[in-house]
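Engineer: Below is one structure. I have some questions about it.
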Amino acid sequence: MDFTAADTYLRNARDRHLEHLMAFLRIPSVSALPAHQRDIADAAAWLADRLRDSGAPDVRLLPTAGNPVVYGHWHVGDGRPTVLIYGHYDVQPVDPVAEWESPPFEPAIRDGCVFARGATDDKGALYIALAGLDAVRELAGTPAVNLKFLFEGEEEIGSPHLQSFIHEQRERLRADLTVSADGSMWDAETPSISIGNRGLAAMQIDVRGARTDLHSGSYGGAVPNPIHALAALLAGMHDPHGRVSVRGFYDAVRTPTSSERQQIAQVPFDEEALRVQLGVRALPGEPEYTPLERTWIRPTLEVNGVWGGFQGDGIKTVLPAEAHAKITCRLVPDQDPDQVIGAIRQHVHHHTPAGVETSLTPFEGKARPYLMPPDHPALAAAARALRDVYGRDPIWVRTGGTLPVADLVKSELGTWLVFFAFGELDNRAHAPNEFLRLQSFDRGARAYVRLFEELGKLDARTLPVT
């Protein structure tokens with residue numbers, strides 16, 4: 001593959017590729033809102049057509065119990081590695097709409113960026129892979145590897161049907177490696193390769209007291225208050241240093257090695273700059289770990305929402321009958337979501353204050369943590385591709401969030417997943433004014449051309465399996 005010619009092609013095709021991306025971004029494919037179900041279907045159909053245009057000869061929409069999967073297959077040779085490309089075409093809701101500087105589904109280019117919902121997560125990042133494939137098709141005819149494509153429409157709601165889909169379609173999806181077009185780079189000038197992400201367990205705690213709300217003057221002090229009980233339960237889940245106090249929570253946590261901590265210490269992270277940027281007075285947490293280690297290699301238990309009693313303006317002297325909290329835990333190797341949920345359930349049971357009843361209900365969307373062997377040859381191939389485009393070696397990072405597909409392809413297909421996604425941490429994903437730098441769009445397409453070529457040099461017979 002002539003990379004200089006490919007870069008020239010991508011420069012000349014840039015306006016056309018951006019027009020395609022803008023059309024993709026105009027489709028309000030919000031998976032969380034039933035009113036956008038038709039838009040989900042339109043986005044899937046649009047993406048299938050675009051994948052065909054990029055050269056994939058076998059493209060189809062495959063049903064799930066929820067939103068369809070866009071599947072593609074491009075077989076070029078029996079002896080070559082087969083790579084499964086993952087991404088998602090659904091997007092987050094746009095609230096609060098008033099904070100958008102331009103309408104979220106009317107993409108706008110300003111200051112060298114394209115602004116729209118999904119610009120970076122994940123429509124823009126997904127389309128970058130197709131732009132790179134388009135250049136490969138135009139200049140080489142076929143890629144250097146066999147390619148399969150799995151583009152789902154439910155990632156933003158926790159991929160509830162992805163596991164069953166991958167399990168049912170595991171023979172169709174069989175590959176030697178998975179590459180994720182969902183993720184990000186460390187910053188606009190620093191390429192990075194993420195070797196792992198945290199898992200997820202989510203649940204709701206409900207506390208019930210009297211049969212109905214009561215007059216706080218007539219009953220206060222004699223009848224248990226569910227909000228007080230819930231506050232005590234939640235406060236008891238951490239010690240004063242931020243360590244989780246739930247018995248058994250850390251039982252399976254893998255102790256980070258000195259080399260892992262040294263690798264994280266090499267990341268150009270400015271703790272004080274982050275504190276100022278976020279507008280907080282301190283970054284508290286387990287004192288023996290740095291803030292970056294806490295968000296990458298340590299588990300968390302976070303209270304995401306609490307409610308109960310009177311919420312309106314002014315005062316209402318009520319003793320509420322119930323109180324509720326939503327909790328999510330980010331998990332690290334080798335924690336299991338079910339075990340963590342069970343430990344928290346036992347904690348709630350044993351520490352429920354007198355006079356109230358509690359229940360814990362897990363949510364769907366559980367995910368195990370993921371950590372890739374740092375010596376996997378595909379990581380070295382990805383590093384070479386990034387080095388050629390950015391002019392510097394990538395840094396090794398982790399992802400504090402959760403991408404369920406990483407562990408799913410590991411457990412169901414036996415393949416490791418390499419994150420190869422463009423855009424940066426400051427792109428306001430999930431927030432108003434989400435954007436993608438056009439510089440990152442250009443670099444990403446060039447990098448994918450090189451990644452396909454580098455992966456084609458690998459021997460499928462020697463690639464590690466999970």
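Engineer: Tally up the residues in the range 284-312 that are in a loop (DSSP other than H, G, I, E, B), free of Cβ contacts under 8 Å to residues at least 60 places away in the same chain and either within 23 Å of the chain's Cα centre (by Cα) or not assigned by TED's automatic domain parsing to the domain that holds M237 (or both), please. So that I can check it myself, show each step before the final result.
Structural biologist: To start, the set of residues in the range 284-312 that are in a loop (DSSP other than H, G, I, E, B) comprises 284-290, 297-299, 309-312.
Imposing the further condition that a residue be free of Cβ contacts under 8 Å to residues at least 60 places away in the same chain reduces the set to 284-290, 298, 310-312.
Among the residues that remain, those that are also either within 23 Å of the chain's Cα centre (by Cα) or not assigned by TED's automatic domain parsing to the domain that holds M237 (or both) are: 284-290, 298.
Number satisfying all stated conditions: 8.
Engineer: Another one. Which ones in the range 64-101 are in contact with a strand residue (DSSP E or B) (Cβ under 9 Å, 6 or more places away or on another chain) and free of Cβ contacts under 8 Å to residues at least 60 places away in the same chain?
Structural biologist: Result: D78, single match.
Engineer: Which residue, of P107, P28, P68, P96, is within 24 Å of the chain's Cα centre (by Cα) and under 18 Å from P160 (Cα atoms)? Walk me through it before giving the result.
Structural biologist: Details: P107 fails: under 18 Å from P160 (Cα atoms); P28 fails: under 18 Å from P160 (Cα atoms); P96 fails: under 18 Å from P160 (Cα atoms).
Just a single option satisfies the conditions, and that option is P68.
Engineer: Also, quick follow-up: What about I264, is it surrounded by 18 or more Cβ atoms within 10 Å (Cβ to Cβ), out of contact with any Lys or Arg (no Cβ under 7 Å at 6 or more places or on another chain) and either within 30 Å of P226 (Cα to Cα) or among the hydroxyl-bearing types (S, T, Y) (or both)? Lay out the reasoning, then the answer.
Structural biologist: On the way: surrounded by 18 or more Cβ atoms within 10 Å (Cβ to Cβ): yes; out of contact with any Lys or Arg (no Cβ under 7 Å at 6 or more places or on another chain): yes; either within 30 Å of P226 (Cα to Cα) or among the hydroxyl-bearing types (S, T, Y) (or both): no.
So I264 fails the test.
Engineer: Can you run down the residue pairs with Cβ atoms below 7 Å, 6 or more apart or on separate chains, where the first is in the range 438-461 and buried (at least 24 other Cβ atoms within 10 Å of the Cβ) and the partner is of a type in the set (V, I, T) and in a loop (DSSP other than H, G, I, E, B)?
Structural biologist: Going by the 7 Å Cβ cut-off, the qualifying pairs are F452/V145; L455/V145.
Engineer: On the given criteria, is R398 of a type in the set (K, R) and either over 25 Å from A116 (Cβ atoms) or buried (at least 23 other Cβ atoms within 10 Å of the Cβ) (or both)?
Structural biologist: On the way: of a type in the set (K, R): yes; either over 25 Å from A116 (Cβ atoms) or buried (at least 23 other Cβ atoms within 10 Å of the Cβ) (or both): yes.
Yes; evaluated as a whole, the condition is true for this residue.
Engineer: In addition: Just give me the residues in the range 136-165 being under 28 Å from P362 (Cα atoms), surrounded by 24 or more Cβ atoms within 10 Å (Cβ to Cβ) and either more than 18 Å from the chain's Cα centre (by Cα) or among the hydrophobic types (A, V, I, L, M, F, W, C) (or both), in sequence order.
Structural biologist: L150, F151, L162, F165
Engineer: Can you name the number of the only condition in (1) within 30 Å of G308 (Cβ to Cβ); (2) assigned to a strand (DSSP E or B) that G355 fails?
Structural biologist: The one condition G355 does not meet is (2).
Engineer: Continuing with the same structure: Identify, by number, the condition in (1) on the phi < 0 side of the Ramachandran plot; (2) under 19 Å from the mean Cα position of the chain (by Cα) that G118 doesn't meet.
Structural biologist: Checking G118 against (1) on the phi < 0 side of the Ramachandran plot; (2) under 19 Å from the mean Cα position of the chain (by Cα), the one that fails is (1).
Engineer: Search the range 283-303 for residues being hydrophobic (A, V, I, L, M, F, W, C) and under 23 Å from Q266 (Cβ atoms), and hand back the single one that is surrounded by the fewest Cβ atoms within 10 Å (Cβ to Cβ). Reasoning before the result, please.
Structural biologist: At the first step, the residues of the range 283-303 found to be hydrophobic (A, V, I, L, M, F, W, C) are 283, 292, 296-297, 301, 303.
Keeping just the survivors that are under 23 Å from Q266 (Cβ atoms) gives 283, 292, 296-297.
Numbers: L283: 15, L292: 19, W296: 23, I297: 24.
For the range 283-303, the residue satisfying everything is L283.
Engineer: For R281, state whether it is within 25 Å of K326 (Cα to Cα) and more than 23 Å from the chain's Cα centre (by Cα). Walk me through it before giving the result.
Structural biologist: Details: within 25 Å of K326 (Cα to Cα): no; more than 23 Å from the chain's Cα centre (by Cα): yes.
In short, no.
Engineer: Give the residues of the range 267-278 that are surrounded by 13 or more Cβ atoms within 10 Å (Cβ to Cβ) and within 22 Å of the chain's Cα centre (by Cα), sorted by residue number. I'd like the intermediate steps shown before the answer.
Structural biologist: From the range 267-278, those surrounded by 13 or more Cβ atoms within 10 Å (Cβ to Cβ) are 267, 269, 274-275; that's our starting set.
Within the range 267-278, V267, F269, L274 qualify.
Engineer: Could you list, in sequence order, all residues of the range 19-63 that are over 19 Å from A135 (Cα atoms), in contact with a strand residue (DSSP E or B) (Cβ under 7 Å, 6 or more places away or on another chain) and assigned to a loop (DSSP other than H, G, I, E, B)?
Structural biologist: The one that is over 19 Å from A135 (Cα atoms), in contact with a strand residue (DSSP E or B) (Cβ under 7 Å, 6 or more places away or on another chain) and assigned to a loop (DSSP other than H, G, I, E, B): S29.
Engineer: Kindly list the number of the only condition in (1) in a helix (DSSP H, G or I); (2) more than 24 Å from V145 (Cα to Cα) that fails for I166.
Structural biologist: (2)
Engineer: Just one of the numbered conditions (1) at pLDDT 95 or above; (2) among the acidic types (D, E); (3) assigned to a helix (DSSP H, G or I) is not true of D206; which one?
Structural biologist: So D206 meets the others, but not (3).
Engineer: Still on this structure, I have one more. Being assigned by TED's automatic domain parsing to the domain that holds R437 and loosely packed, with under 14 Cβ neighbours inside 10 Å narrows it down to one of P68, P103, P96, so name that one.
Structural biologist: Values: P68 fails: loosely packed, with under 14 Cβ neighbours inside 10 Å; P103 fails: loosely packed, with under 14 Cβ neighbours inside 10 Å.
Unique residue meeting the criteria: P96.
Engineer: Okay, moving on. From the list A119, A108, exactly one residue is surrounded by 24 or more Cβ atoms within 10 Å (Cβ to Cβ), under 18 Å from H17 (Cβ atoms), of a type in the set (A, V, I, L, M, F, W, C) and modelled with pLDDT of 95 or more. Which is it? Break it down into steps so the answer makes sense when it comes.
Structural biologist: Values: A108 fails: surrounded by 24 or more Cβ atoms within 10 Å (Cβ to Cβ).
Testing whether each residue is surrounded by 24 or more Cβ atoms within 10 Å (Cβ to Cβ), under 18 Å from H17 (Cβ atoms), of a type in the set (A, V, I, L, M, F, W, C) and modelled with pLDDT of 95 or more leaves just A119.
Engineer: For Q277, only one of the following conditions fails: (1) over 27 Å from P373 (Cα atoms); (2) part of a helix (DSSP H, G or I); (3) in contact with a strand residue (DSSP E or B) (Cβ under 9 Å, 6 or more places away or on another chain). What is its number?
Structural biologist: (3)
Engineer: Can you tell which of G217, G221 is assigned by TED's automatic domain parsing to the domain that holds W307 and at positive phi?
Structural biologist: Numbers: G217 fails: at positive phi.
Unique residue meeting the criteria: G221.
Engineer: Give the residue, chosen from A323, A343, that is farther than 30 Å from S411 by Cβ and touching a residue at least 24 places away in the same chain (Cβ under 8 Å). Let's see the steps before the verdict.
Structural biologist: Working: A343 fails: farther than 30 Å from S411 by Cβ.
Every option except A323 fails the conditions.
Engineer: Among the residues in the range 81-91, are any assigned to a loop (DSSP other than H, G, I, E, B), buried (at least 20 other Cβ atoms within 10 Å of the Cβ), modelled with pLDDT of 95 or more and among the hydrophobic types (A, V, I, L, M, F, W, C)? Let's see the steps before the verdict.
Structural biologist: If we filter the range 81-91 for residues that are assigned to a loop (DSSP other than H, G, I, E, B), which is where we start, we get 81, 89-90.
Then keep just the ones that are buried (at least 20 other Cβ atoms within 10 Å of the Cβ); that gives 81, 89-90.
Okay, now just the ones that are also modelled with pLDDT of 95 or more, so 81, 89-90.
With among the hydrophobic types (A, V, I, L, M, F, W, C) added as a condition, the list becomes none.
Looking through the range 81-91, none of the residues is assigned to a loop (DSSP other than H, G, I, E, B), buried (at least 20 other Cβ atoms within 10 Å of the Cβ), modelled with pLDDT of 95 or more and among the hydrophobic types (A, V, I, L, M, F, W, C).
Engineer: Counting only residues that are within 26 Å of the chain's Cα centre (by Cα) and closer than 18 Å to F249 by Cβ, how many does the range 346-362 have? I'd like the intermediate steps shown before the answer.
Structural biologist: To start, the set of residues in the range 346-362 that are within 26 Å of the chain's Cα centre (by Cα) comprises 360-362.
Adding the requirement that they be closer than 18 Å to F249 by Cβ leaves 360, 362.
Residues flagged as within 26 Å of the chain's Cα centre (by Cα) and closer than 18 Å to F249 by Cβ within the range 346-362 amount to 2.
Engineer: Would you check if there is a residue in the range 294-303 being at pLDDT 95 or above, touching a Leu at 6+ places or on another chain (Cβ under 7 Å) and more than 17 Å from Q204 (Cα to Cα)? Break it down into steps so the answer makes sense when it comes.
Structural biologist: Of the residues in the range 294-303, the ones at pLDDT 95 or above are 294-303.
Filter again for touching a Leu at 6+ places or on another chain (Cβ under 7 Å), leaving 299, 303.
So of that shortlist, the ones also more than 17 Å from Q204 (Cα to Cα) come out as 299.
Checked the range 294-303: at least one residue is at pLDDT 95 or above, touching a Leu at 6+ places or on another chain (Cβ under 7 Å) and more than 17 Å from Q204 (Cα to Cα).
One line per residue, one yes/no per condition, for (1) modelled with pLDDT under 95; (2) in a loop (DSSP other than H, G, I, E, B); (3) aliphatic (A, V, I, L, M); (4) not assigned by TED's automatic domain parsing to the domain that holds G217:
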| residue | (1), (2), (3), (4) |
| --- | --- |
| G314 | no, yes, no, no |
| I327 | no, no, yes, no |
| R330 | no, no, no, no |
| Q335 | no, yes, no, no |
| I341 | no, no, yes, no |
| D375 | yes, yes, no, yes |
| A383 | no, no, yes, yes |
| D393 | no, yes, no, yes |
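The values are calculated or read from the model by the stated rules, or taken from the named source; none is laboratory data. Worth saying up front: this structure is predicted, and the values here are computed from it rather than measured. Don't worry about glycine lacking a Cβ; one is built from the backbone with ideal geometry, like all the others, and counts go over all protein chains shown.
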